[in-house]
Ligand SMILES: Nc1ncnc2c1ncn2[C@@H]1O[C@H](COP(=O)(O)OP(=O)(O)O)[C@@H](O)[C@H]1O
Ligand SMILES: [Mg+2]
C-alpha cells in the first residue's frame, strides 16, 4: 500500500529541509559526475601504452669536469663497458623519452615546403636504439652500424634515413604506404627515406596533443643533452642502476654522474595528473561520505521528532514495515528530486569546465551511473534510521514527551 | 492597568478564517486578581497572549499602563514583556536543558541585570517557592507541582506587576493545585495584578472577580453570576 | 550577553553531540578542501617583485614566422635572440637591464684548496646573466658584489655564489677572492648573495615556475669561450643552417630572457621609441617579418600571461568551492533541524522577554561556535591536504604547498563566515516563529 499523498503533504510542511537534502544530493551529483570524467580521462591517459619498456629501462647521464672533453670518445668507451655488464639487455646513447624534455621538428612529404608541416618529436640514436628502448618494429628494418654517423648540432649534418612511429607514418602518408617514401625538413630538399616503422613511442611529452608522432634518425649526437638508455633484463633494473653508477665513475672519475629509473621520471612527468586523480578521488569519497552522514543525521532527527506520531500510528495498527516503508519512501522522493536537479546541474557545470579548462565532456551514461550510486547511498543512509523507527513502541503514544 | 477596547483577533488558514476574539472589551485594575473561565476554544488563551504581548491584535485598542501597545515594534514589546509581565502556563514550559537556577535566570538575563543582582533574585524567589535546595536540579527531576512552582518563581523573579496564568493548575492534582493557588494569592496580596484562566470553579471563585469568555467575547455579567450560582449549587 | 549566548551554545552542542559533530565535520572538511586549493592558488599567484611592479618589465620582441604568430597567449616568443640581447644591452635608457638564461655544470673547490679531495664535484644550476641582475631584482649581497663592468661582453672568469652554495663549498665563510672550479676552469668568487628563492620564480617562468632558483651566477660574456647552449627552451621558426657556434649566436633562435627597469614615464616613453626604432632598423635588414610588435610586461602581468596558475589548479579551485557549498547546504539542513527542535524553548524565551533579535543572535552565535570548531579542524585538514599535495607532486610544489599566517586566519575566517551564512536562515526561521504556538500544551 503506497501512501504517497500523506508523505507528500508531510514533506511539503518540511519543504525547506527536504529541499536542502535534495539540493545537496544534486550538487554532489554535479561534482561527482564531473570529477569522475576527469579521473577517468587521466587514468586512461596514464595507462596508455608508451611503446617503450618503461619498467626495465635505466638512464644515465654524466657531466664532464674538464672544459674540452671528448664526449664521443666517452660514449664509445662507456657503451662498450655498459654492454658487458651483467643484467644489461641492450644499451644506446640517445635521449630518454617520456621525461618532459626533448626536441621537435616539422616534416614534409615534398621538398622545399615551408607551410603545413606535420609535427613530430625527434630522437637520434645508433643501431641499438630500438632494442634498448624495447620498441616493436612493425615494418621495414632497424638501423645498421653502417647507417650511423657521429655528428653535432652545429656540424650541418642531415640524415638520409629515418624510422618513424606508425602514428607519424599514418599522418604523413594517409594511404598507408610510408615505408620507402621520403620526407623533408622545412625549406630543404634533402630526402630522408623512411626505412622502418615502429609500433609506438609517446615521445618526450606524453601529454602533448601530438604525443606519439615520433621520428628517429641514425646518429650519435655530440651534445650535453644525452642519456645512456640501458634496458635491463626483467627484474634487474635496480641492480643495473647501482652497477652503472659504480662503473661509470670508475671508468672516468672526472665527471658527475646521474643515474635514474625511467619509470621514476615518467611518474614525475605524470605527477600533476596523479595529483589530480588522487585529489579528485578524495573529493568524491569525502563528499559522498558527508552527504550520506547528512542524510543519516536528518533522517534520525526527523524520526526522533516524530517519535510520538510514530507511536500513535503503531498504536492505531500500522505494521513495522509500514513505518520503515514510510521513511524510505520519503527518502526516495527527496533523492529523486535531488537526482533530477543534479543531472541538470552536472551538465551545466560540465559545460563550464569544458569551455574554461578543456575538460572532457560528461556523457549521460556516466551521469546515470553516478546518479544510481548516489541513489543507492542515499537509500542505504536512510535505511538504518528507518528500520530503527519501526522499533519505536506503540506505548510512545501514551507517554508524554 | 490593562484596558482592552473592541479588540479583535482572527486567524487565517488556507480555507477558513477563525475569529478568536470579537469586539473584546475588558478593564483590569491595578492589584486585582481576575479569573477567566469559558468553554474550550472560546478565546481565553488568545486573550492572554494578546494581553501578554505575545501576539498582536487584528484590530481594536489595547492600553497597558495607559500606554497604547498596539503598534509597538518587537524590541519594545519584548522589553515590556520582560519588565512588566510574568507568564505561567499549564504545561509549565520550563527549558528542559537548563537547571532550575538557569531557568529562572533566563528573564533576568534579558533584563540585563548583573550577575550579583541575578543571583540575589534567583535565590529569593526559589526561597519563596520553597525549592532552594533544588537549585541545580533539572526540571525532569521534579514533580509537576514543583515544576509549576519553579515556573511561578521564574515569572516572579523579574518582579512583574502583571502576572498572566493559563490554566496553571490544569495538569496538577487538587492538593498541588491548592498550593499553587495559595502561592498566587500570596503574590497578589503583595501587589501583583493577576489574570488567571482556569477550569476549576472553586479556584475561579477565590479571585476578586470572575469573567467569562464565550465565543470570543466577554459574556453578559448577569448571565455570568447566574452561572456562578448554578455552579455553586 | 555574548558570553551568555556562548555558554548556551556550548550547552546546546553538548546536548546533541552526534549532530554537532556532524556539522563540525562537514564544515571542517569543506573548509579543509577549499583552503587547500585556495592556499595553493594564492601561493602560486604571489608576486615576489610586487615592490618593483611599477618599474620592472619583461621584454618580448616579435621576430617570429611571417606565416603564423608564436603559439602562446601573448602571440610573441617568450624569449629573445642572442644577437638582439647583445644589441639591446648597449642602450643606456633603462636604469638596469638584464639578459640571461639558465645553464649549469659541475662545480668543485679549486684542487689546491681541496687538499684532502673530500669535496666531491656536484652539478650546479647556473644563471648566466648580465651584471645588473642583482640590482634589478633587488638581491642583497652577503659578501662582495657583482662582477666587473666588462664582464657582459668579455669572458671574465668571476662567479657569484648563492648562500647555500657558499655554505656547501666554504662552510658559509666570506669566500670573496677564493677560487672555485667550474667546468674544469678556475673562477674567482666576487660575491655571495643572500638566500633568494622567489616562488613562483617570476624572473624565469620558462623552466618550471616553482623550481629552485640558481645556485651560481656567471657573467654573460662567457658564451663564446664556453660555447654555452642554454639549459632551457630554445625555440626557432626559421630553417637555418647551423654549422658552428657562431651560427647559433647569430640565428633567429630565441633563448635569452630579457628584463628592463624603467623608473619614469619619460624613460618608458623613450624606451618604447627606442624599441620601435630598433625593430624598424632590423626590418630594413630583412629581419622581423611580422607587423612591428614588442611587449613590456610588469611582473604581475608576466605571471598572468605565463599562466603560472594553470587550468588544473583553477579547476580544482572551482571544484573545492562547489564542495564547500555542498558542506554548507549540509550544515544549513542540520542546523535547521537542530534549531527547529528547540523551537519550544525559543518560544518560552520569547514569552520571558527575549526579542526576536535576541533569539536570532543566540542561534547565530551557536552557528558561529560550530564554525570556529570547524575552522580549527579545517586548518589541520588543510595542512594535511597540503602535505598530501607536496607528496603527490614529488617536491615540485614544496615552495608553494605551505600555509602562512594569513591563510590560517583566512581559514578560520572562512569557516566562521560559512557557518554564519549557514546559520543565517535557520536562526532567522526560528526567530520568526510565533511563540504562542509552542506554549500551548496540546
Ligand atoms: N494559531 C492559530 N491558528 C488558527 N486558529 C487558531 C490559532 N490559535 C487559536 N486558534 C483558534 O482560535 C480560537 C480560540 O483559541 P484559544 O484562545 O486557544 O481558546 P481557549 O479558550 O481554549 O484557550 C479557537 O477556535 C482556535 O481554534
Ligand atoms: Mg487555552
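Any read-out appearing in this document is the output of simple, stated calculations on the displayed coordinates, not a laboratory observation. None of the values given here were measured: they were computed from a predicted structure. Please note: Cβ atoms are built from the backbone with ideal geometry, for glycine as well, and neighbour counts cover all protein chains shown.
Values computed for the structure shown
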quantity	calculated
Separation of alpha-carbon centers, region C:402-431 and region B:1-47, rounded to whole Å	45
C:131, A:200 arranged by Cβ crowding within 10 Å, fewest neighbours leading	A:200, C:131
Antiparallel %, DSSP beta bridges [both residues in region A:93-231], to 5	55
DSSP beta bridges in region B:2-226 [antiparallel fraction, %, rounded to 5]	50
Tilt relative to chain C, helix C:17-44 - C-alpha long axis, 0 to 90 degrees, to 10	20
Net length gained if the chain between residue A:384 and residue A:155 were fully extended (0.36 nm per residue, minus Cα distance)	74.7 nm
Cα gyration tensor shape of region B:11-71, rounded if a/c is under 1.5, else prolate or oblate by comparing a/b with b/c	oblate
Antiparallel bridge percentage (DSSP; both residues within chain A; nearest 5)	70
Spin-label model distance (nm) - residue C:21 vs residue A:372, 7 Å beyond Cα toward Cβ	3.5
Gyration tensor verdict on the protein assembly as shown (Cα atoms; rounded if a/c is under 1.5, prolate if a/b is larger than b/c, oblate otherwise)	prolate
Separation in nanometres of the label points that stand 7 Å from Cα toward Cβ, at residue A:77 and residue A:10	8.9
FRET efficiency estimate (nearest 0.05) - Cβ-Cβ, residue C:321 to residue C:243, R0 51 angstrom	0.35
Within chain B, helix-based [θ] at 222 nm, where runs of 4 or more DSSP H residues each add -39,500 (n - 2.57), nearest 500	-12500 deg cm²/dmol
Sequence of A:256, C:180 once ranked by neighbouring C-beta atoms within 10 Å, starting from the fewest	A:256, C:180
Sites residue A:356 and residue C:265, calculated FRET efficiency, Cβ-Cβ separation with R0 56 Å, nearest 0.05	0.95
Cα gyration tensor, region A:47-157 - rounded (a/c under 1.5), prolate or oblate	oblate
Candidates A:60, A:318, A:142, ranked by Gaussian network fluctuation over chain A, Cα under 10 Å, top entry	A:318
Least to most buried among C:93, C:159 (fewest other Cβ within 10 Å first)	C:93, C:159
Whole-Å distance, taken between Cα centres, linking region A:68-86 and region C:318-387	70
Projected label distance in nm at residue B:215 and residue A:319, using a 7 Å step from Cα toward the beta-carbon	5.0
Most mobile of C:16, C:123, C:276 in a GNM of chain C (Cα contacts under 10 Å)	C:16
Region C:206-234 and region A:263-298: distance between their alpha carbon centers, rounded to Å	38
